[in-house]
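Report on the structure given below.
The values are calculated or read from the model by the stated rules, or taken from the named source; none is laboratory data. Given the structure is predicted, the values throughout are model-derived calculations rather than measurements. Here the Cβ positions follow ideal geometry from the backbone for every residue, glycine too, while neighbour counts run over all protein chains shown.
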């Protein structure tokens, strides 16, 4: 699987006659890959939150730098907002699939 980038996006082609009957389910390796990527992203958000908390504690003790603390807090805030938006999109997609008639 090649990495996805805006510069390398290709227009999807119509399915060929041979691929119409094929299963479109993800392989176990692809499922694990998505799970790993999601876990890594959550770990990064958590690390940013911990770093921001440590900066705030140091600033509260009179040892930290206000500029670095504010940057850490903003990075953590933006990361959490993005994570929440991704979570909401995933839940919306799940609910949409659940509403599909079988």
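Among the residues of region 12-29, are any modelled with pLDDT of 90 or more and either over 30 Å from residue 71 (Cα atoms) or surrounded by 10 or more Cβ atoms within 10 Å (Cβ to Cβ) (or both)? No, that holds for no residue.
One line per residue, one yes/no per condition, for (1) under 18 Å from the mean Cα position of the chain (by Cα); (2) not in a helix (DSSP H, G or I):
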| residue | (1), (2) |
| --- | --- |
| 57 | no, no |
| 62 | no, yes |
| 75 | yes, no |
| 90 | yes, no |
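Within region 57-70, being within 17 Å of residue 80 (Cβ to Cβ) and touching a helix residue (DSSP H, G or I) at 6+ places or on another chain (Cβ under 6 Å) holds for one residue alone: 69.
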